[in-house]
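Undergrad: Let me begin by handing over the structure; questions about it come next.
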Amino acid sequence: MPAKPKTQKAKAEDAILDAAAAPPPLAPITTTPALAIEMWPVDKPVDYPKNARKWSEHAIEKVAASIREFGFRQPIVVDPDGVIVIGHLRRVAARTLGMAEVPVHVAADLSPAQIKGLRIADNRTNEESTWDMELLGNELLEMSGMGCDLLLTGFELSQIDALLIQAGAPAPAGGHGGTGNPTLAERFGVPPFSVLDARQGYWQDRKRAWLMLGIQSELGRGDASPGGSPRPACDYSNNERGDGTGKAIAGGGRN
């Protein structure tokens with residue numbers, strides 16, 4: 001038996017239900033057909049006084065090294081008043097390099113609210129991505145064979161070593177061997193350290209590299225140290241402190 005034709009009312013109700021189930025239309029995407037870039041004196045862009053992003057001297061050195069090697073490939077973005085939206089660190093790095101001018105794009109089409117949003121989003125959104133360590137290690141290994149300076153990638157030397165080992169690179173033999181390149185063992189070696197030294201950047205970098213290799217520096221305390229005798233675990237509380245060899249000295253509490 002053929003289906004009974006729908007009434008106009010039923011058709012209207014179906015249309016309302018379909019519209020409610022449909023995804024909302026996408027907002028039009030704002031495009032910039034030709035990104036206008038101007039060359040400004042390096043001191044002309046104005047720092048945003050409430051910039052929440054901070055950096056270290058080491059970060060400045062890395063960005064400066066990248067600009068020196070690859071050029072200034074990303075312009076500084078400013079608002080119509082010349083206040084920096086994107087590129088505070090790049091401008092600082094340019095100053096350290098003695099650059100007289102920097103490329104600048106004026107985001108004249110954005111509202112004050114959009115300017116604030118872009119300033120934060122540019123820094124925050126890149127934190128959502130992660131590294132595929134296997135692909136990264138293979139890429140570094142290929143770059144090494146091309147004679148690239150791998151430190152220009154921004155990774156620390158210990159991290160590069162760990163990634164190359166993971167990618168199957170053989171450890172250099174014979175120490176420096178007149179090449180000026182230390183062995184991996186020499187690169188991972190660190191001088192004797194105290195509690196304060198262990199907080200320094202070079203130690204934390206090596207610890208991160210060990211973790212990438214699956215080595216946990218916390219394991220083994222109280223067990224036999226590699227190549228040595230058993231090392232007792234110590235209670236570094238107010239009543240005990242270490243003597244630098246892993247042994248506790250009783251009665252050495254804080255004043």
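Nothing in this text is a laboratory measurement; each read-out follows from the coordinates by a stated rule. It should be emphasised that the depicted structure is a prediction, and the values quoted were computed from it without experimental measurement. As a convention, Cβ positions derive from the backbone with ideal geometry for all residues, glycine included, and neighbour counts pool all protein chains shown.
Undergrad: Given +1 on the Cβ of Lys and Arg, -1 on the Cβ of Asp and Glu, and no further charges, what dipole in debye does segment 38-128 carry about its Cα centre, rounded to the nearest 20? Can you show the working numbers first?
TA: Numbers: 13 positive and 13 negative charges, 44 e Å.
I would put it at about 220 debye.
Undergrad: In a shell of Cβ-Cβ distance under 14 Å around residue 86, excluding residue 86 itself, what net charge do Lys and Arg (+1) and Asp and Glu (-1) give?
TA: +4
Undergrad: If you don't mind, there's one more thing I want to ask. Are there chymotrypsin sites (Phe, Trp or Tyr not before Pro) in segment 39-138 that DSSP puts in a loop and that have at most 14 other Cβ atoms within 10 Å, and which ones? Mind dumping the intermediate values first?
TA: Working: sites: 55, 70, 72, 131; in loops: 55, 72, 131.
The qualifying sites are 55, 131.
Undergrad: What's the local net charge at residue 151, with K and R +1, D and E -1, over the other residues with C-beta under 11 Å away? Provide the component values of the computation, followed by the final result.
TA: Values: positive: 62; negative: 61, 69, 149, 156.
Neighbour charge sum, excluding residue 151 itself: -3.
Undergrad: Among 145-152, 38-45, 78-85, how do they line up from the highest to the lowest mean number of other beta-carbon atoms within 10 Å?
TA: Values: 145-152: 10.9, 38-45: 15.1, 78-85: 17.2.
Those peptides, ordered most packed to least, come out 78-85, 38-45, 145-152.
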